[in-house]
Amino acid sequence: MPGAARRLYRRILLLHRALPAALRALGDRYVKEEFRKHKAAGPAEAQRFLREWENYAALIQQQINEDKQNLREKTVYGIQLTEENLNDFRDEQIGQLKELMDEATKPNKEITISKDSERKT
């Protein structure tokens, strides 16, 4: 499975190149952190992790293609999470989602690329 995870990781980072700069920076950081955290995951957790990221990659690919073809007036990346989706999350995941939302909705769109780097606006 490590080869499949590495290919998916690279695919997602390549897809992010088509995103607006602020989304790309935020997305790249999040993907890197999540894949790093799940390096030692058990087989069942790893399979679910990869399946969810494969779904994400397919969705982002579709949204990028629609944006290129101008099929939507304004491109919105990602999906709205339903209450049912949120109920399936562990407390740790809810915390991560809150941090991600806070980062994405900062005033003046100041996004921290990594803990050790300067802030970019």
Next item on the list: Filter region 33-75 down to residues that are exposed (fewer than 10 other Cβ atoms within 10 Å of the Cβ) and modelled with pLDDT under 90 and give me whichever is farthest from Ala4 (Cα to Cα).
Entry: Glu73
Next item on the list: Could you run through region 7-27 and say how many residues are in a helix (DSSP H, G or I), modelled with pLDDT of 95 or more and either under 20 Å from Gly95 (Cα atoms) or not hydroxyl-bearing (Ser, Thr, Tyr) (or both)?
Entry: 9
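The values are calculated or read from the model by the stated rules, or taken from the named source; none is laboratory data. Please read all numbers here as calculations on a predicted model, not as lab measurements. Note that we place each Cβ from the backbone using ideal geometry, even for glycine, and neighbour counts take in every protein chain shown.
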